[in-house]
Amino acid sequence: MDRAYSLLTIKALDAPTRRISGVASTPELDRHGDVMEMAGVTFRNPVPLLFHHRADQPIGTAVLTASASGLTFEATLPHVDEPGALKSRVDEAWQSVKAGVLSGASIGFRVLADGVKQLQNGTRHITAAEVCELSLVTIPANRSASIHLVKALAAPGGCTESRSMTAADQITTLTTKQTAVLAQMDALMSTTATEGRQLTADESTTYDGLLAQSKQLDADVTRWQAHEALMAKSATRVSTTAPGTYSVSVTSNVDPGIRMARYVIAQLASKYTSTDAATYAQQRWGRETPEVALALKAAVAAGTTTDAVWAKPLVNPSITSDFLPLLRANTILGKIPGLRNVPFNVNVPAQTAGGTFGWVGELKPKPVSAMAFSMESLGFNKVAGIVVLSQELVRFSNPSAEAVVRDSMVKDIAAFLDAQFINPAVAAVAGVNPASITNGAPTAAATTNPLADIMGLINHFVAAGLPVDGLTFLMSPQNALALSFRSNLDGSPEFPGITMAGGSYKGITFITSNALTTNVVALQPQYILMADDGGVTIDASTEASLQMDSAPVSPVDATTVLVSMFQMNAVAIRAERYITWKRIGANTVKYLTATAWPSPTGVDVQVSSRATGKDK
């Protein structure tokens, strides 16, 4: 038996009768890759209400109602007085619903003949199915699954919390009543047909009353549907959760960046297998990270080496939401606090000189000056690179291989960005790359006295009239380690709070990176503009021929050696990211050169010399 999961919206929770009503299924694509067409759903009320799809664990009955927007239900959990397994099971289910920990609804169904269409992207479009049971489950497979509204019990005494019913509540209530009325009418007519007789006078009166009630309910439903449509046009989105409601979200319990790596691996696997990327992802990780397969289903075109737009940019937030923060955390740009983020190709004002102010005596003229501003704009610059992996690594991928793919993308992009950001030799090339923040910046030769060097850099900003609040220092892990080892005469750390990984000292932030060697960079972050589109574009190929060189020749010549991915059973991953930066002002960055602060051994010798009074 198949199952279809959906949004569980509990419309009412009636404690005395243990009745709940809500939505059991919608036409939305679920995490199993199924879309159910409500017009083709059949069922016979009442249907069994089960606990987690266990046929041997019934907990009540449910009445279903189908409409174009979904399958609604009204379920009843019985009161069981006699102690035993049934009482315990039903009580547990009821308590779980009230507490909000049983957050999903699921239907068990069987597909009827010719009732399913398999689409090219792997989605099953179910056009005809019979619903056999309704279950309360913990985690629904619908990607937007959460409890939107739970009307829970109020304080002791058995009273329920009251609230005004929405249009949707009214429609559900009226539809449920109409279903019950139609069931009574059907039962009445079936009885007379079985007995082979006409309706009696009383039965005719009853039937006519039920028929009139059904027509009235039908008219009321039509009115509420029209009212709901009108209200929807003027509705505004509520950003806060209403009192008495609970919001539950379902997230994958995997390390940051793994979903992005699986997205890439699935794309690569589809290149050399007969399975499309979405199906591959569903089969391998469907239960653990179903959002990967869902994101891949959005791509409808096959990837080729001549199609410049494949694969589509990873705009799905569930895929990039943990990869980009992971990438940023491994770059200098991601560690510097207070950088000024600006949009691409938008003029932003930057102050280049301040106004003149002074003390003014009585009836004396005030100084007049104008602050100077410049208009700055950051154009598009693109960082791109290609990582080559063997097909065997991708084909037999396991968690360690996923980490390899993730770490390769993170490490390679981060290392390149760090070098481009602080290498003084990197000059701006129009339409290609920005200048590093140290390119053309003032410099000073380092000494053997770290404290004097640091104070010298700070004094540079003071002399230039720039704020020192928020200053940030960038240095190599080796120089940071040298600072951490230095001690005062009493043995206390000279630079407490600084380690090989960076830290803070006297309110100054110290950041380390292997991209820095002997340079120590001081900068004022509020004068560094940065633009970042916040996305990564991933392409893949098993047919391309590449120059296996970190500095490829362009254009190629007779000496260029190309390696075929097809011949070598290799897969090439190309990652692109739009990001750029710009230093505002000549004095907002200064750096030390040839920095090699004394090692711990050297410090010990100097301390000993002072202690004995000898000059060495």
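For the subset of the range 14-38 comprising residues that are in a loop (DSSP other than H, G, I, E, B) and among the aliphatic types (A, V, I, L, M), which member is modelled with the highest pLDDT? Break it down into steps so the answer makes sense when it comes.
Quick first cut of the range 14-38, residues in a loop (DSSP other than H, G, I, E, B) only: 15-18, 26-29, 31-33, 37.
In the following step, the residues that additionally are among the aliphatic types (A, V, I, L, M) were identified as 15, 29.
Details: A15: 57, L29: 66.
The qualifying residue modelled with the highest pLDDT is L29.
Given the condition over 26 Å from N423 (Cβ atoms), in contact with a strand residue (DSSP E or B) (Cβ under 9 Å, 6 or more places away or on another chain) and not basic (K, R), answer yes or no: does some residue in the range 477-491 qualify?
Initially, the range 477-491 is screened for residues over 26 Å from N423 (Cβ atoms), giving 485-491.
Now drop any that are not in contact with a strand residue (DSSP E or B) (Cβ under 9 Å, 6 or more places away or on another chain), which leaves 485-487.
So of that shortlist, the ones also not basic (K, R) come out as 485, 487.
Yes; the residues of the range 477-491 include at least one that is over 26 Å from N423 (Cβ atoms), in contact with a strand residue (DSSP E or B) (Cβ under 9 Å, 6 or more places away or on another chain) and not basic (K, R).
With (1) modelled with pLDDT under 90; (2) hydrophobic (A, V, I, L, M, F, W, C); (3) surrounded by fewer than 16 Cβ atoms within 10 Å (Cβ to Cβ) as the list, and A463 as the residue in question, which single condition is left unmet?
Here A463 meets the rest and fails (1).
Could you pull out the residue among V137, V150 that is within 28 Å of Q95 (Cβ to Cβ), aliphatic (A, V, I, L, M) and modelled with pLDDT under 50? Even if it seems obvious, please write down each step before you answer.
Working: V137 fails: modelled with pLDDT under 50.
Among V137, V150, only V150 is within 28 Å of Q95 (Cβ to Cβ), aliphatic (A, V, I, L, M) and modelled with pLDDT under 50.
Could you grab me the full set of residues in the range 64-89 that are among the aliphatic types (A, V, I, L, M) and under 37 Å from the mean Cα position of the chain (by Cα)?
Once the filter is applied, which keeps residues that are among the aliphatic types (A, V, I, L, M) and under 37 Å from the mean Cα position of the chain (by Cα), the range 64-89 yields L64, A66, A68, L71, A75.
Out of everything in the range 446-476 that is in a loop (DSSP other than H, G, I, E, B) and not hydrophobic (A, V, I, L, M, F, W, C), what residue ends up being nearest to F421 (Cα to Cα)? Outline the logic, then answer.
At the first step, the residues of the range 446-476 found to be in a loop (DSSP other than H, G, I, E, B) are 446-449, 464-471, 476.
When the remaining residues are screened for being not hydrophobic (A, V, I, L, M, F, W, C), the result is 447-449, 465, 467, 469-470, 476.
Details: T447: 25, T448: 26, N449: 27, G465: 24, P467: 22, D469: 22, G470: 19, S476: 14 Å.
Across the range 446-476, the extreme among qualifying residues is S476.
Quick one: is H53 in the same structural domain as E130 (by TED's automatic domain parsing) and within 23 Å of A183 (Cβ to Cβ)?
Values: in the same structural domain as E130 (by TED's automatic domain parsing): yes; within 23 Å of A183 (Cβ to Cβ): no.
Against the criterion (in the same structural domain as E130 (by TED's automatic domain parsing) and within 23 Å of A183 (Cβ to Cβ)), H53 does not qualify.
With respect to A586, determine if the residue is exposed (fewer than 13 other Cβ atoms within 10 Å of the Cβ) and closer than 17 Å to L523 by Cα. Steps first, answer last, please.
On the way: exposed (fewer than 13 other Cβ atoms within 10 Å of the Cβ): yes; closer than 17 Å to L523 by Cα: yes.
Yes.
Would a scan of the range 446-462 turn up a residue that is in contact with a Gly (Cβ under 7 Å, 6 or more places away or on another chain) and not hydrophobic (A, V, I, L, M, F, W, C)? Walk me through how you get there before you give the answer.
Going residue by residue through the range 446-462, those that are in contact with a Gly (Cβ under 7 Å, 6 or more places away or on another chain) are none.
No: the range 446-462 contains no residue that is in contact with a Gly (Cβ under 7 Å, 6 or more places away or on another chain) and not hydrophobic (A, V, I, L, M, F, W, C).
Only one of A435, A427 is without any contact (Cβ under 8 Å) to a residue 40 or more places away in the chain, within 30 Å of A384 (Cβ to Cβ) and part of a loop (DSSP other than H, G, I, E, B). Can you tell me which? Please lay out each step first, then the result.
Details: A435 fails: without any contact (Cβ under 8 Å) to a residue 40 or more places away in the chain.
The conditions single out A427.
Restricting attention to the range 476-497, which residues are within 37 Å of the chain's Cα centre (by Cα) and aliphatic (A, V, I, L, M)?
Selection gives A480, L481.
Out of (1) part of a helix (DSSP H, G or I); (2) under 24 Å from A168 (Cβ atoms), the odd one out for L71 is which?
Result: L71 passes all but (1).
Considering only the range 455-476, state which residues are among the β-branched types (V, I, T) and in contact with a strand residue (DSSP E or B) (Cβ under 7 Å, 6 or more places away or on another chain).
Here is the first cut: in the range 455-476, the ones among the β-branched types (V, I, T) are 458, 462, 468, 472.
The answer is T472, and nothing else.
What single numbered condition from (1) part of a loop (DSSP other than H, G, I, E, B); (2) over 23 Å from S436 (Cα atoms); (3) in contact with a helix residue (DSSP H, G or I) (Cβ under 8 Å, 6 or more places away or on another chain) fails to hold for G491?
(3)
The values are calculated or read from the model by the stated rules, or taken from the named source; none is laboratory data. All figures in this text were calculated on a predicted structure; none of them were measured in a lab. With ideal geometry, Cβ positions are generated from the backbone for all residues, glycine too; neighbour counts draw on all protein chains shown.
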